[in-house]
Every structure is written in structure tokens, then in C-alpha cells.
Amino acid sequence: MTIREILSCCSFDEIMLWIGRIDPRQLKMRPFYREARDVLLHTHSKNSYGEIDVTKNHWGDGPWVMMCEGNPWESLIDSELVLEEGVKCTDAQLAAQCLWHLTFYYFVPEEKDRVFAEDESQIMTRRQRVRMLINEIESACPADMQNRMNYLFHTRRINVQKYRSRAYNADGRMPYLIETMTCHLRMPLNDMKQIAFVLSADPKQPLTDKERQMFDSLAAGLLTTQTLMIKTTGVKEGLGEEVELMVIKSKPGKNVRYQSKKSHNDIQDNR
């Protein structure tokens, strides 16, 4: 059985059950494991390694899948899994080990170069990192977004996550994203006081009015009344048929006055 076949024959819930047994902390990363599995199942094979050895796990029960960490997914996805004599495991257990090792360094191939390159953000000042984030948001959104996001300079803590649909179908991209945020998210969104949602689509596949309405409903349903919200839409080249949701959570710094929740919720973009 190949890696593609083992990932296909098991449900995502079954796979995550076993990943949770490997490391319970990984259950908070469900949306990213889900995205990775969907990307893998749509990866075209190239320069396949042919066979991948599965040995006994020396750090616990179950299998150990070789060669998967850091190697190209296109070379691995249709490689045959060859179990060493004496290895016993269920399909879901083996699929979990494959997904665990394949995502050890990154959840999608686009992250590979960044992960293995020197992390320049570590030598930047905090102000420079915030400026870089605001510039990224401004490049996708209306021109007035920079002023609206300047509050980030006065925060004590910022957490940024990006959630991308992997529907491989423009009609299914928003339902996919909504399922991710409502069914698979294990990281609380209301653990900070301020939050910004930035939903982006490729300029060649712009958001429809219906998708904007779905976004409004999603954002409203995810937050508590104590959370201050900015919500906007934008464009980002390279997304193809998919959409990307950037979630920016933050806590205000000392002596920073809150703006009213109403003023934030009243901010709407027509783009």
C-alpha cells in the first residue's frame, strides 16, 4: 500500500485519534493536519522513491515510517510502504505515523523554504516584525487598512494563524473553510482581547456576495461579546480557487485605551 492509499482509506478523525496518542498537544493543530492531508492527496507524484521502510518504533508501540521528514512530498506520496517483519499496526495507526512524519517540519510545501532558511524575524526588533505584518495585510486589503491595524504597535502579544481552504473547487472553498473553523479548530479565538479577520481570494477568482455573507456569519459566530473585532476582505495572488483566512489575535499593551466593540463591528469593506 502506498502513502496516498493509506491516507485515503482512513478517515481524518481516525488518523487524528492516533496522532493525539503520539502527542496530545497536536490535537490543537487539527486544521493544519487536515490541510496537509488534503494537499497530499492532491499531490502529483514525481521522482518517486519507490519504497519506504516501516520499522518498529523504538520509542513506543506501533510503526516508525522512515525517510519522510523533510523530503519532497511528490517523491513520497506514491511510494510503497514496506513493513519490517514483526511490525503490527492498524491502517489508521500507520496513516497517522505517515502524516506525523510528513508534517514534522512544515504542514504545506510552500513553508519548506522558510522553515529551512535562517529565520530573519529572530533578529528583527518587535516594531519591525509588526511593521512587516501590517505591510502584508495592507498589500492585500484596502489602502486604509494600515491606519486601522496600527493598534498592533501598542500590543503586548500578537498571535497570527493562516487557515486555507483545500477544496480544489471554487464552489466548495467557503464551506471547507467554515468546516475548518467550526469543527476542527481546537485553539480558542477568544483568549485575547483584540482580533482581526482578513479573508483573501485570488484576483482571478474573487469573492462572491454569497461568500462575503458567509464570512460575516462565520466571524460573528466565532467571537464572544468581549472581543474587539476588525473584519476585512482582500486579494492575494497565487491562491487559485482557494481562499485564505488570516486570524490576528492580540492583547493591548499597558495604558492602551480600548475602542468600543461597536466601532469595530461597524467597520465594513466593500472590496
field: segment 1-110: trypsin sites (Lys or Arg not before Pro) falling in loop per DSSP and having at most 15 other Cβ within 10 Å
entry: LYS46, LYS88
Estimated D of the chain in µm² per second, where Rh is the Kirkwood radius over Cα pairs and Stokes-Einstein applies at 10 °C, 1.306 mPa s: 78
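With Rg and the Kirkwood Rh both taken from Cα atoms, where does Rg over Rh land for segment 3-114?
Values: Rg = 13.0 Å, Rh = 14.0 Å.
For segment 3-114, the value is 0.93.
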message: With the crude spin-label approximation of a point 7 Å out along Cα→Cβ, what separation in nm comes out for LYS46 versus ALA220?
response: 4.5
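Could you list, in their original order, any pairs among LYS46/LYS88; LYS88/LYS112; LYS28/LYS231; LYS112/LYS236; LYS28/LYS249 whose Cα atoms are separated by more than 26 Å? List each step's numbers first, then the result.
Numbers: LYS46/LYS88 30 Å; LYS88/LYS112 32 Å; LYS28/LYS231 24 Å; LYS112/LYS236 20 Å; LYS28/LYS249 16 Å.
With Cα atoms farther than 26 Å apart: LYS46/LYS88; LYS88/LYS112.
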query: Say a site is exposed when it is one of the GluC sites (Glu not before Pro), sits in a DSSP loop, and has at most 13 other Cβ atoms within 10 Å; what is then the longest site-free stretch of the chain?
result: 119-236
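All of the numbers you see were taken from the coordinates with simple rules; none came from a lab. Computed from a predicted model, the values in this text were never measured in an experiment. Here the Cβ is made from the backbone with ideal geometry for all residues, glycine too, and neighbour counts use every protein chain on show.
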